[in-house]
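The values are calculated or read from the model by the stated rules, or taken from the named source; none is laboratory data. Note that this is a predicted model, so its numbers are computed, not measured. Glycine gets a Cβ as well: all are built from the backbone with ideal geometry, and neighbour counts include every protein chain shown. Side chains are part of the model used for accessible areas, which takes the heavy atoms of the whole protein and leaves out ligands, DNA and RNA. Shrake-Rupley method; radii C 1.70, N 1.55, O 1.52, S 1.80 Å.
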Amino acid sequence: MSIDNLISQAVAKAVKELYGVDTAPEAIVPQATRKEFEGNLTIVVFPWVKAARKAPEAVGQEIGAWLEANEPAVARFNVVKGFLNIVIEPRFWNGVLQAIAANPRFGITEPGPDSPLVMVEYSSPNTNKPLHLGHVRNNLLGYSLAEILKACGNRVVKTNIVNDRGIHICKSMLAWQKWANGATPESLGQKGDHLIGDCYVAFDKHYKAELEQLMATGMTKEEAEASSPLMAEAREMLRRWEQGDPEVRSLWQTMNGWVYDGFDTTYRRMGVDFDKIYYESQTYLQGKEKVLEGLERGLLYRRDDGSVWADLTAEGLDHKLLLRSDGTSVYMTQDIGTAKMRFDDYPIDKMIYVVGNEQNYHFQVLSLLLDRLGFKWGKDLVHFSYGMVELPTGKMKSREGTVVDADDLMETMVRDARRVSDEMGKIQGLSDAEKDDVAEIVGLGALKYFLLKVDPRKNMMFDPAESIDFNGNTGPFIQYAYARMRSVIRRAAEAGHTVGDYTAVSPGEREIALIQRLADFPSTVADAGRSFSPALIANYAYDLVKEYNQFYHDCPILRESDPAVLSLRLELTEVTSRVVATAMGLLGIKVPERM
């Protein structure tokens, strides 16, 4: 039993005996005592003031006296207004540490066969361009959220929906036919997704030039766009694709294959994966069928031009187009089809879409439509709405080739990690291969941590130089502290030190603070799962490392002569390193054994 639970149960007994009030222990939530007051845990006593018919200070004094007399874990207490500050008996913390050390899955709840099944969708790339910085934040948030939900005892399916059809795909295909001279990834020595992205940029370049020529003849911009031969060719290619033209479909399959190979390389280096990948070229037809079924059931309506709509005015929204007058689908239709396929494949209890906040309205509508069309989880779907990654130069525009490419970004982060580590002497004594491994771990860890430590709902500015710093709230700071802990463990083993009995030792202030921080890990994981916030895990890891560094500075470990004290401090180091590794693992971040 955790110290928080023990105190909650003891307080529940106290108020029952003192005031005759039944209070569920889980409703009593101890908080860490503020640093300016003496104590380890604080209980707010205001809920029992009315029943006691006494001032808050008097209620706190009575409950504190009861705890001191009846609960061995309570050494003493003090009351500040309506707050009861409890000092835990120092040696009791040894038992807390032993309990943590004895549980190799501390903070992690294993899902069972009947646990809720949560599906998490993330990534959602287009096959006309490589992954960029925005995709990086999306992938990292989605992967980390899935790992956290698993740690909270859910069964999790990680899915991806690839946008592999539409006019934007045809633009890249047409550009390849016109200007790529038959180039392939092999002939250029280039990743396939980069080649296709270059084709997309080339189309936009030629299209803009064409518009300028047309407007020079006196056309307005709108007239030029309507008269563009290049865009007309792209639309014709899309029409042929939808009709199953063998030539267009063959080129589409070849170019998409190049892109998928490129995506897979990026995903592997990023450290994310998927249990199931869906493709919009397969789901949009399912969506059309589901919409027509809803039309037949009177859940939707058809306008005079043949288009199909949903009337959402009763829900305070507008009318939503689902099928155009020519029968072609829109994004909403595709999402309905994807939902149908997923529901057919898995008995989903909850569906979470990791998509930027620019799509808030889309998912509000999708939730209503799925519920109307009979998906049991539709009304309760979760749109994990995250903020955009901002750059000093403004928003990214893939048409113009001004994106921060994910592959280039990761390579730059690893290269900078190697340079900074060399300059600071962090990797002296390692072989070149070991240095490369550390640079990969630290560089990608810096990138991931910087993007995950911020509240996901907020927009953020990405600063590579700040992220690679070995000081402050950064991934490298935490990774270096972990390597230091592992170094202490190795040197202790080399000196013949092992963890013995430390139950007779009264831990000091620094040791107690570190044990208490360690004990907070399970509740932090649970909070992160409830609020869908990897940032809680990231900042917990940072606070834990800061606490350990203070302990390391103030409490000698290998120089300690008392075997029991040495054992306590070695146990603290081992357990802290394990919790740090687990927390960072939930973020998809590796930690190096040596630096």
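Every residue, every condition in (1) of a type outside the set (Ser, Thr, Tyr); (2) out of contact with any Leu (no Cβ under 7 Å at 6 or more places or on another chain), yes or no:
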| position | (1), (2) |
| --- | --- |
| Arg297 | yes, yes |
| Leu300 | yes, no |
| Thr338 | no, yes |
| Ile348 | yes, no |
| task | Test Ser561 against the criterion of being more than 17 Å from Leu97 (Cβ to Cβ) and modelled with pLDDT under 95, and give yes or no. | result | yes
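Within segment 366-376, can you find the residues that are aliphatic (A, V, I, L, M) and either surrounded by fewer than 18 Cβ atoms within 10 Å (Cβ to Cβ) or part of a loop (DSSP other than H, G, I, E, B) (or both)? Break it down into steps so the answer makes sense when it comes.
To start, the set of residues in segment 366-376 that are aliphatic (A, V, I, L, M) comprises 366, 368-370, 373.
Of everything in segment 366-376, just one residue is aliphatic (A, V, I, L, M) and either surrounded by fewer than 18 Cβ atoms within 10 Å (Cβ to Cβ) or part of a loop (DSSP other than H, G, I, E, B) (or both), namely Leu373.
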| message | Taking the condition of being touching a strand residue (DSSP E or B) at 6+ places or on another chain (Cβ under 6 Å) and either over 22 Å from Tyr278 (Cα atoms) or of a type in the set (A, V, I, L, M) (or both), how many residues in segment 155-188 meet it? | response | 4
| query | Can you tell me which residues in segment 504-557 are among the polar types (S, T, N, Q), touching a residue at least 60 places away in the same chain (Cβ under 8 Å) and out of contact with any Pro (no Cβ under 7 Å at 6 or more places or on another chain)? | reply | Gln516, Ser523, Thr524, Asn539, Asn549
| message | So, in segment 173-189, how many residues would count as being small (Gly, Ala, Ser) and either over 39 Å from the mean Cα position of the chain (by Cα) or not in a helix (DSSP H, G or I) (or both)? | response | 4
| query | Just checking, how many residues over segment 483-538 are open to solvent by less than 60 Å² (accessible area, probe 1.4 Å), over 26 Å from Phe470 (Cβ atoms), assigned to a loop (DSSP other than H, G, I, E, B) and not hydroxyl-bearing (Ser, Thr, Tyr)? | reply | 6
| message | Checking the structure you have, find out if any residue of segment 38-54 is at pLDDT 95 or above and either in contact with a Lys or Arg (Cβ under 8 Å, 6 or more places away or on another chain) or under 30 Å from His194 (Cα atoms) (or both). | response | yes
| message | Would you confirm whether or not segment 23-35 contains a residue that is over 25 Å from Phe521 (Cβ atoms) and either at pLDDT 95 or above or over 31 Å from the mean Cα position of the chain (by Cα) (or both)? | response | yes
| task | Return only the number of the condition from (1) outside any strand (DSSP E or B); (2) more than 32 Å from the chain's Cα centre (by Cα); (3) not aromatic (Phe, Trp, Tyr) that Val79 does not satisfy. | result | (1)
| query | Quick one: in segment 241-262, which of the residues that are under 19 Å from Leu285 (Cα atoms), open to solvent by 40 Å² or more (accessible area, probe 1.4 Å) and in a helix (DSSP H, G or I) is modelled with the lowest pLDDT? | reply | Glu242
| task | With the condition kept exactly as written, say whether any residue in segment 127-140 is open to solvent by less than 20 Å² (accessible area, probe 1.4 Å), in contact with a Gly (Cβ under 7 Å, 6 or more places away or on another chain) and part of a strand (DSSP E or B). | result | no
| Got a sec? Which of Tyr143, Tyr200 is within 19 Å of the chain's Cα centre (by Cα) and in a helix (DSSP H, G or I)? | Tyr143
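Name every residue in segment 540-564 that is in a helix (DSSP H, G or I), touching a helix residue (DSSP H, G or I) at 6+ places or on another chain (Cβ under 9 Å) and either open to solvent by 10 Å² or more (accessible area, probe 1.4 Å) or closer than 24 Å to Gly500 by Cβ (or both), in order of residue number.
Kept after step one, since they are in a helix (DSSP H, G or I), are these residues of segment 540-564: 540-554, 563-564.
With touching a helix residue (DSSP H, G or I) at 6+ places or on another chain (Cβ under 9 Å) added as a condition, the list becomes 540-554.
Across segment 540-564, the qualifying residues are Tyr540, Tyr542, Asp543, Lys546, Glu547, Tyr548, Asn549, Gln550, Phe551, Tyr552, His553, Asp554.
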| said: Quick check on Lys435: is it at pLDDT below 95, open to solvent by 10 Å² or more (accessible area, probe 1.4 Å) and in a loop (DSSP other than H, G, I, E, B)? | reply: no
| Is it the case that segment 326-343 has a residue that's under 18 Å from Glu121 (Cα atoms) and in contact with an Asp or Glu (Cβ under 6 Å, 6 or more places away or on another chain)? | yes
| query | Taking Leu285, is it touching a residue at least 24 places away in the same chain (Cβ under 8 Å) and in a helix (DSSP H, G or I)? | reply | yes
| task | For Lys150, indicate whether it is under 30 Å from the mean Cα position of the chain (by Cα) and farther than 27 Å from Thr333 by Cα. | result | yes
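Only one of these is closer than 30 Å to Met255 by Cβ and small (Gly, Ala, Ser): Ser124, Ser115. Name it.
The match here is Ser124.
If you take just the helices (runs of 4 or more DSSP H) that sit entirely in segment 1-75, which of them hold at least 3 residues that are open to solvent by 90 Å² or more (accessible area, probe 1.4 Å)?
It comes to 3-19.
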